[in-house]
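Here is the structure we will look at.
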Amino acid sequence: MSKPKILVARAIFPEIISRLEQHFEVETNQSDAIWSKAELADKLKDKDGAFTTGGDRIDVEVLAACPRLKICANMAVGYNNFDLDAMTAAGVLATNAPDVLTETTADFGFALLMATARRVTESEHFLRAGKWNKWSFDMFAGSDIHGSTLGVLGMGRIGQGIAKRGAHGFGMKVIYHNRSRLDAAMEVECKASYVSKEELLRTADHVVLVLPYSPASHHTIGAAELAMMKPTATLVNIARGGIVDDAALAKALRDKTIAAAGLDVFEGEPKVHPDLLTVPNVVLTPHIASATVPTRMAMANLAVDNLIGFFKDGKPLTPLNPAVLAT
Ligand code: 8YV
């Protein structure tokens with residue numbers, strides 16, 4: 001029997017390709033070039049499955065061009081690159097890669113929060129530019145992490161990881177807002193109190209965004225929300241571009257409506273809003289919150305496990321639209 005044909009949409013670890021090749025006929029994009037949606041659809045049209053990343057859009061147009069396609073395995077916990085309804089209607093299974101990246105991503109949330117609050121990159125640029133010639137009482141004076149109030153917006157697995165680090169590691173008072181409230185035991189474990197979004201924005205010293213992107217969460221943070229925040233507050237986004245109105249944020253940073261921001265994700269990435277590149281009080285990183293070698297390997301292996309599980313016995317590990325399996 002011939003092996004199912006799989007497309008790997010981006011360059012990935014050679015070990016992952018070797019593992020896939022044991023089970024599938026594999027075509028890989030090993031170039032630096034990111035395929036356009038039309039190129040992706042063209043490459044996918046004779047494939048049975050796809051190994052995708054969070055940047056590979058699978059929607060009605062792509063699905064219409066790919067009648068053989070049965071599964072897309074995302075190497076990402078977020079799956080806003082999938083039109084899940086369209087995939088379900090087309091009978092295409094979607095899987096994601098949850099859990100394996102939770103702690104690594106929460107670690108990075110803290111890295112970004114600390115770099116932002118303590119002005120790490122701004123002060124490094126100053127030093128590298130040869131501008132450090134004296135001690136000054138207010139040189140890069142930032143805000144404290146310990147003992148401050150941490151507001152976590154979006155309290156899924158990664159949000160809980162951020163809350164635990166804040167409460168247990170840094171003695172922060174943790175408040176959170178989420179679509180649904182955590183159960184009492186988890187609130188105790190995270191030492192976190194549920195508040196409204198408005199109260200969170202008004203009272204937190206540091207706001208960390210960890211909510212999934214959907215049309216409903218588009219521009220959750222815009223000019224009005226930034227105006228509610230303390231002028232001393234910091235905002236960290238490790239969730240998805242589009243949750244923050246980047247133009248409004250750049251203006252708020254320039255006007256000192258808030259003190260600083262740390263951003264790992266951007267609207268329209270890898271392009272970054274030009275105004276964000278010119279304000280000093282923002283730390284910018286290129287969507288690397290899950291980027292450690294062990295975690296990226298684990299994410300990739302989970303995507304492979306999903307493909308193998310699906311084609312071997314119809315049992316992927318982390319299906320997003322399991323209704324497809326019943327048809
Ligand atoms: C990925 C992510 O690196 O898992 C997610 O949702 O945002 C990142 O960890 C990225 O989406 C590539 O798949």
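The values are calculated or read from the model by the stated rules, or taken from the named source; none is laboratory data. Everything quoted here is computed from the prediction, not taken from an experiment. Cβ: placed from backbone, ideal geometry, glycine included. Neighbour counts: every protein chain shown. For accessibility, only protein heavy atoms count, side chains too; no ligands or nucleic acids. Shrake-Rupley method; radii C 1.70, N 1.55, O 1.52, S 1.80 Å.
Observations on the model:
- Where the Cα pairs of region 1-58 fall when distances are cut into 5 Å bins, in %: 4, 19, 33, 24, 15, 4, 1
- Computed over all pairs of different Cα atoms, the Kirkwood value for the hydrodynamic radius of region 72-121 is 13.1 Å.
- Each Lys and Arg adds +1 at its Cβ and each Asp and Glu adds -1 at its Cβ; summed about the Cα centre, region 41-179 shows a dipole of about 420 debye.
- In this structure, Ala33 and Lys251 have a Cβ-Cβ separation that, at R0 = 41 Å, corresponds to a calculated FRET efficiency of about 0.75.
- Cα-based Rg of region 240-327 normalised by 2.2 N^0.38 Å, two decimals: 1.60
- Accessible surface for the chain, divided over its residues, is 47 Å² per residue with a 1.4 Å probe.
- Taking θ as phi - 60° and the Karplus parameters 6.51, -1.76 and 1.60, the scalar couplings of region 239-252 work out to 8, 8, x, x, 6, 10, 7, 4, 5, 5, 5, 4, 5, 5 Hz in sequence order, x denoting glycine and proline.
- Estimated 222 nm signal from helices in the chain, with DSSP H stretches of n ≥ 4 weighted -39500 (n - 2.57), rounded to 500: -10000 deg cm²/dmol
- 3J(HN,Hα) from dihedral phi, region 122-127, Karplus parametrisation 6.51/-1.76/1.60, rounded to Hz, x for glycine, proline: 4, 6, 5, 4, 4, 5
- Part-to-part distance (alpha-carbon centres) for region 167-216 and region 98-163, which is given in Å: 17 Å
- Kirkwood hydrodynamic radius of region 171-327, from inverse mean 1/r over distinct Cα pairs, in Å: 17.9 Å
- Per-residue SASA entry for Trp132, accessible area with 1.4 Å probe, Å² rounded to 10: 150 Å²
- Rounded to the nearest 20 debye, the dipole size of region 245-312 about its Cα centre is 160 debye, using +1 on the Cβ of Lys and Arg and -1 on the Cβ of Asp and Glu.
- Rounded to the nearest 5, the antiparallel percentage of DSSP beta bridges internal to the chain is 0%.
- Carbon/sulfur fraction of accessible area - the chain, other protein chains in place, 1.4 Å, %: 56 percent
- Counted by Cβ distance under 11 Å from Glu225, the other residues give a net charge of 0, where Lys and Arg count +1 and Asp and Glu count -1.
- Every Cα-Cα pair in region 19-130 was counted, and those over 24 Å apart are 43% of them.
- Length-normalised contact order for the chain - Cα pairs under 8 Å, 6+ apart - percent: 17 percent
- In terms of its Cα atoms, region 124-263 spans 53, 33, 23 Å along the principal axes, sorted from long to short.
- If the chain linking Thr327 and Ala224 were pulled fully straight, counting 0.36 nm for each residue of separation and taking away their Cα-Cα distance, it would gain 32.5 nm.
- Between region 44-86 and region 245-287, the alpha-carbon center distance in angstrom: 30 Å
- Amide H contacts for His219 (H built 1.01 Å from N in the peptide plane; partners 5 or more residues away or on another chain; cut-off under 5 Å): Ile243, Val244.
- Taking the empirical scaling 2.2 N^0.38 Å for compact globular proteins as reference, the chain has a Cα radius of gyration ratio of 1.08.
- Taking the inverse of the mean 1/r over every pair of distinct Cα atoms in region 184-238 gives a Kirkwood hydrodynamic radius of 12.5 Å.
- Gain upon complete extension [Arg181, Leu284; 0.36 nm per residue less C-alpha separation]: 34.0 nm
- Straight-line cross-link reach from Lys251 at under 30 Å between alpha-carbon atoms covers these lysines, not counting any fewer than eight positions away in the same chain: Lys131, Lys173, Lys197, Lys230, Lys271.
- Across region 202-210, computed HN-Hα scalar couplings (Karplus, 6.51 cos²θ - 1.76 cosθ + 1.60, θ = phi - 60°) run 6, 10, 6, 7, 9, 10, 10, 9, 9 Hz from first to last residue, x flagging Gly and Pro.
- Result for the chain in a Gaussian network model with C-alpha springs under 10 Å: among Arg128, Arg179, Arg240, the largest mean-square fluctuation is at Arg128.
- Taking label positions 7 Å along the Cα-Cβ direction at both Asp138 and Thr232, the computed distance is 1.4 nm, reported to one decimal.
- A Förster radius of 22 Å combined with the Cβ-Cβ distance from Thr121 to Val293 puts the calculated FRET efficiency at roughly 0.45.
- For region 61-190, the ratio of Cα radius of gyration to the globular rule of thumb 2.2 N^0.38 Å stands at 1.52.
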